[in-house]
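To start, the structure under review is shown below, and the notes come after it.
The values are calculated or read from the model by the stated rules, or taken from the named source; none is laboratory data. Bear in mind that the values here come from a model prediction, so they are computed numbers and not experimental data. Every residue, glycine among them, receives a Cβ derived from its backbone with ideal geometry; neighbour counts consider all protein chains shown. Each accessible area value is taken on the protein alone, full model and side chains, heavy atoms only, with ligands, DNA and RNA left out. Shrake-Rupley method; radii C 1.70, N 1.55, O 1.52, S 1.80 Å.
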Amino acid sequence: MSEKTKPYALITGASKGIGKSIAYELAKQGYPLLLVARSEEDLKTLSDDLQVKYGIDASVLPIDLSTNDASLKVTNWIKENNYPVGFLINNAGYGVWGDFSQSSLSDQLGMMQLNMNVVVELSHLLVPILSQQKQAYILNISSTAAYQAVPTLAVYSATKAFVLSFTRALRFELAQTSISVTCFSPGPVDTGFAERAGLNAFSKMAEKFNMQPDEVAKMAVKAMFNKKSEVIPGFTNIISVYANRILPKAFIEKTAAGIYKI
């Protein structure tokens, strides 16, 4: 497939972390990109670098996806420019740490909007566009937190459990179409997530177990192209998730509470 005929990949949260690394991984393979995130400056810097290094088109849309109608604005941008989108990478998301009752409700609701609603909205809006391709992909980035309740990250872990469940169901529904759906659930990744969530103490411990964004991105893209349903990268993360399935929930929750304690 030549560059000119390759479909575009829409990546949310593309300016940093895993999203940025996925952008580089797909650009290396000659795919044109649609980069979406809040920071216009970071997006333009990324776009310029990708176009110079790999000669691909990397169009940008600076937008806060947690705002009303943001997903519709993204879809209209795609339609107005006739971008032939063949990939939807739902990567944007963040966490809020702390006791639920003491945390800002607006922060929690904003996180739910970005982590869950935007995934649903973009998937629903873009399935008709993706289906125009002979082969298309949806890659939803979840987390190992999806496999257990996490005290002090109560809403975050619940949003990731939603993404996992939604992805598997959507995959089943689209099984007879040209769209493959994959859920990718990394553990700690060196993206600054812990600091942004307010987990400064945990971030120091996480450094021992962090995977690097480029490594995670390669695994995510490979899983997507291999049409995997659900992938957890890293042996330690796989063991952790397996333990969550066989050990008593109360024990797992107590252990998690100790790790993420305030």
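Descriptive notes on the structure:
- Count of region 31-77 residues, restricted to those that are of a type in the set (A, V, I, L, M, F, W, C), open to solvent by 30 Å² or more (accessible area, probe 1.4 Å) and over 25 Å from Ser131 (Cα atoms), is 1.
- Total residues in region 146-165 satisfying the condition of being free of Cβ contacts under 8 Å to residues at least 24 places away in the same chain and either open to solvent by 10 Å² or more (accessible area, probe 1.4 Å) or among the charged types (D, E, K, R) (or both): the figure is 3.
- 1 or more residues of a type in the set (Val, Ile, Thr): qualifying helices (runs of 4 or more DSSP H) within region 93-196: 118-130, 154-173
- Scanning region 78-90 for residues that are part of a loop (DSSP other than H, G, I, E, B) and touching a residue at least 12 places away in the same chain (Cβ under 8 Å), we see that the one that is most open to solvent (accessible area, probe 1.4 Å) is Asn81.
- Region 93-109, residues that are open to solvent by 20 Å² or more (accessible area, probe 1.4 Å) and of a type outside the set (Phe, Trp, Tyr): Gly93, Val96, Asp99, Ser101, Gln102, Ser103, Ser104, Leu105, Ser106, Asp107, Leu109
- Candidates Val52, Val60, Val36, filtered to the one that is more than 22 Å from Asn117 (Cα to Cα) and either touching a His at 6+ places or on another chain (Cβ under 8 Å) or of a type in the set (Val, Ile, Thr) (or both): Val52
- Subset of region 49-77 [part of a helix (DSSP H, G or I), more than 17 Å from the chain's Cα centre (by Cα) and within 27 Å of Met219 (Cβ to Cβ)]: Asp49, Leu50, Gln51, Val52, Lys53, Tyr54
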